[in-house]
Amino acid sequence: MDQKELDFLKEITDLKGTSGGEAVVRDFLRARYEGLADTIETDGLGSLMATLEGEGPRILAVGHMDEVGFMVRAITGDGFVKFSRCGFFFITGVLSQHFIIQTEKGDVRAVCALSQASTRDGKLPDIEDLVLDIGCTSKEEAQELGVCVGDFIVPEGHFTQMGPKGNYLVNKAWDNRIGCAVALRVMENLKQEGHPNTFIGGGSAQEEVGTRGAKTLGYLAKADIGFSIDVGIADDMPGGAKEGISLGKGPELCFMDSGTISNRKLLRLAAKVAEECGIPYQTSIMKHGGTDAEEFQHIRSGMPVLLINVPSRYAHTPTSMICYEDYENTVKLVTEMVKRLDRGTVDAIKTF
């Protein structure tokens, strides 16, 4: 593992950017695409599109910039903060965790308050009934810190290397900063090696609240082929499905999610490319949840799409986990796919 790459992955996942509050992530990506991409644009929702121009087909491959988080709903008279989901956050990943409230005066640290009443009868509480403790004793004290209704709330990042090789990486926001990282590294590969296709990377906004940025980014991109790079659900743990996805066994080629059926020609090509290049891969069907691929496929007259996932444990919690080699192999696979999508291949994929 490359230490600079690990530092990069730590930095991009530590960034605080829930749905609708992706500005820091967008600025981070923009700075890294400058000097690499030929053009950098944003749409009206704040999605970032970086384009490496070529004469061949236009190939779009992006992740989404936002992470699941919360928004301040109210402040109680005794200084506790009520909050609502901004994207689906598992309640088991909220209890007794550290959070950051992003106020105009700066970050305010918080912990999820857990009382005996909130776990009465051994049942999990409703997330809307939980509060954050910011160490205040009144609403006025909380307001003095800058806390206001509408402030974004994100988990506190704790990047950790685990396992004997240190290749299992834990942090918040792998969903889906890892997709943004893949797109950036793919463009770097294509820029260095040279390739005639037009490659479009960057990151979409507000995926976790309804794939909103994918609608506008996909329309702006005018791409021939689309890849949504996201995280999948690994099952390699006690109680997991025996036929399921495992960390360390390569990227997932996803046949279907709740809103997308991947283009079969594109999926077969990806499997063939992976086998030719010695890249391990897995195949999956997402039983629940949608991705940006759902919106990309609706653009204009229809865009063939393929969902490629980096396997992840504990998604939508502050302690999600990926395997470093799965990230590397996803970058390799998407790079090699772009190289093979010449005009004839793309036309054949788009012809029914």
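With all pairs of different alpha carbon atoms counted, what Kirkwood hydrodynamic radius in Å does the range 185-299 show?
Details: mean 1/r = 0.0636 Å⁻¹.
Evaluated over the range 185-299, this radius sits at 15.7 Å.
Step through the table entries 172/350; 172/215; 82/172, compare each Cα-Cα distance with 31 Å, and write down the pairs that go over it.
Values: 172/350 37 Å; 172/215 25 Å; 82/172 21 Å.
Violating the 31 Å limit, Cα to Cα: 172/350.
Mind checking the dipole of the range 1-100: about its Cα centre, +1 per Lys or Arg Cβ, -1 per Asp or Glu Cβ, Debye to the nearest 20? Please list the in-between numbers first.
On the way: 10 positive and 16 negative charges, 118 e Å.
Approximately 560 debye in magnitude.
DSSP loop trypsin sites (Lys or Arg not before Pro) in the range 260-304 with at most 15 other Cβ atoms within 10 Å of their Cβ, which ones? If you can, show how the numbers build up before the last one.
On the way: sites: 264, 265, 268, 272, 287, 300; in loops: 287, 300.
Filter output for the range 260-304: 287, 300.
Roughly speaking, what is the stretch gain from residue 137 to residue 285, that is 0.36 nm per residue apart minus the C-alpha to C-alpha distance, in nm to one decimal?
Full extension from residue 137 to residue 285 adds 48.4 nm.
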Handout entry: With Cα atoms, 0 to 90° folded angle of helix 212-221 axis to the chain main axis
Key = 30 degrees
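Ignoring the sites themselves, what is the longest stretch of the chain with no GluC sites (Glu not before Pro) in a DSSP loop and at most 11 other beta-carbon atoms within 10 Å?
Counting only loop sites that pass the neighbour cut-off, the longest clear stretch is 105-242.
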Exercise for the section: Please report, to two decimal places, log10 I(q)/I(0) for the range 43-179 at q = 0.11, 0.13 Å⁻¹ as given by the Debye formula with identical point scatterers on the Cα atoms and no solvent. Expected result: -0.53, -0.69
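What are the equivalent ellipsoid semi-axes of the range 19-101, built from the alpha-carbon gyration tensor (square roots of five times its eigenvalues), in whole angstrom, biggest first?
Numbers: eigenvalues 268, 35, 23 Å².
Output for the range 19-101: semi-axes of 37, 13, 11 Å.
Using DSSP to call loops (not H, G, I, E or B), can you name the chymotrypsin sites (Phe, Trp or Tyr not before Pro) in the range 236-323 whose Cβ has at most 16 other Cβ atoms within 10 angstrom? Write down the numbers at each step before the final one.
Details: sites: 255, 281, 296, 314; in loops: 281, 314.
Hits after loop and neighbour filter: nothing returned.
Restricting things to Cα coordinates, could you compute the convex hull volume per residue of the range 184-232 in Å³?
Working: hull volume 4.5 nm³, N = 49.
So the per-residue hull volume is 91 Å³.
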Completion exercise
Filtered hits (lysines, Cα-Cα < 19 Å from residue 191, offset >= 8 within chain) -> 332, 339
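When the accessible area of the chain is split by element with a 1.4 Å probe, what percent falls to carbon and sulfur? Don't skip to the answer; put the middle values down first.
On the way: 7520 of 14940 Å².
Reported share for carbon and sulfur atoms: 50 percent.
Restricting the count to DSSP beta bridges whose residues both fall in the chain, what percent are antiparallel, rounded to a multiple of 5?
65 percent
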Handout entry: Equivalent ellipsoid semi-axes, the range 124-172, via Cα gyration tensor eigenvalues times 5, rooted, Å
Key = 33, 15, 10
Fill in the blank from the handout: The farthest towards the positive end of the charge dipole of the range 89-215, of the residues 143, 163, 106, given +1 on Cβ of Lys and Arg and -1 on Cβ of Asp and Glu, is 163
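Given 37 °C and 0.692 mPa s, compute D for the chain with the Stokes-Einstein relation, Rh being the Kirkwood radius over Cα pairs; round to the nearest whole µm²/s. Write out the running numbers ahead of the final one.
Details: Rh = 20.8 Å.
Value of D from the Cα-based Kirkwood radius: 158 µm²/s.
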Problem - Helix-only CD estimate at 222 nm, as mean residue ellipticity for the chain, using -39500 (n - 2.57) per DSSP H run (n ≥ 4) - result: -9000 deg cm²/dmol
Handout entry: C-alpha center-to-center spacing [the range 240-297, the range 4-71] in angstrom
Key = 22 Å
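With the Cα gyration tensor of the range 293-335 in hand, convert its eigenvalues to equivalent ellipsoid semi-axes via √(5λ) and list them largest first in whole Å. Spell out each step's value before the answer.
Working: eigenvalues 138, 50, 6 Å².
For the range 293-335, the semi-axes come out at 26, 16, 5 Å.
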Exercise for the section: Determine the per residue accessible area of the chain with all protein chains present and a 1.4 angstrom probe, expressed in square angstrom. Expected result: 42 Å²
Problem - Leading residue at positive end of dipole, the chain (Cβ point charges), from 24, 189, 77 - result: 189
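The values are calculated or read from the model by the stated rules, or taken from the named source; none is laboratory data. This is a predicted model, so every value here is computed, not measured. Every residue, glycine among them, receives a Cβ derived from its backbone with ideal geometry; neighbour counts consider all protein chains shown. Remember, those area values only see protein heavy atoms, side chains included, never the ligands or the DNA or RNA. Shrake-Rupley method; radii C 1.70, N 1.55, O 1.52, S 1.80 Å.
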